[in-house]
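No lab work stands behind these numbers, since they all come straight from the coordinates. All of these numbers come straight from a predicted model, not from anything done at the bench. All Cβ positions, even for glycine, are placed from backbone atoms using ideal geometry, and neighbour counts span all protein chains on display.
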Amino acid sequence: MQFATCLSRIGSTMMGPILLEDQEDARAAVSARISRIREISGATKKDFAESLGMSPQAWGDYENGKRDLPLSVAKRLRKTYSVPLEFTYFGIKSDLPHRIAKEL
């Protein structure tokens, strides 16, 4: 599925944001999930990027779906924000911390 098509499916519904679980590790799905995690954290893109030890431009490329999220960054996301790799790459919510899961 093209990135633009995936983005058109991302948004809010009566049940909450669509996180493209059916798309698993597609770039648009991963970017939708990490964007939502940042929003839930309440951080700006700049602050979130810096907390992960990267530039806001690099983070923006991942969040906007311009680049694939590398495992090294997903691991930092896991260590810093307790976001399981299973959620980041596959949309599996079962291991998410409660404070994050309740916001999805």
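I need the phi-derived Karplus couplings for region 85-93: 6.51 cos²θ - 1.76 cosθ + 1.60, θ = phi - 60°, integer Hz, Gly and Pro marked x.
Result, ordered by residue: 4, 4, 6, 4, 8, 10, x, 7, 8 Hz.
Pull out the extension gain between GLU50 and ARG67, defined as 0.36 nm times the separation in residues minus the alpha carbon to alpha carbon distance; nm, one decimal.
Values: separation 17, 0.36 × 17 = 6.12 nm, distance 1.80 nm.
Separation in residues times 0.36 nm, less the Cα-Cα distance, equals 4.3 nm.
Could you work out the relative contact order of region 49-104? I mean the mean sequence separation of Cα pairs under 8 Å and 6+ apart, divided by the number of residues, in percent.
The value is 21 percent.
Any of LYS45/LYS75; LYS75/LYS102; LYS46/LYS66 with alpha carbons more than 20 Å apart? Name them for me.
LYS75/LYS102
Ranked highest first by average number of other Cβ atoms within 10 Å, how do 33-44, 92-103 line up? Please report the intermediate quantities before stating the final value.
Working: 33-44: 17.7, 92-103: 12.5.
Averaged packing, sorted descending, gives the order 33-44, 92-103.
Would you kindly derive the ³J(HN,Hα) couplings of region 43-53 from the backbone phi angles with the Karplus curve 6.51 cos²θ - 1.76 cosθ + 1.60 (θ = phi - 60°), listing them in order in whole Hz, with x for Gly and Pro?
Working through the residues one at a time gives 8, 6, 4, 4, 5, 5, 4, 5, 5, 9, x Hz.
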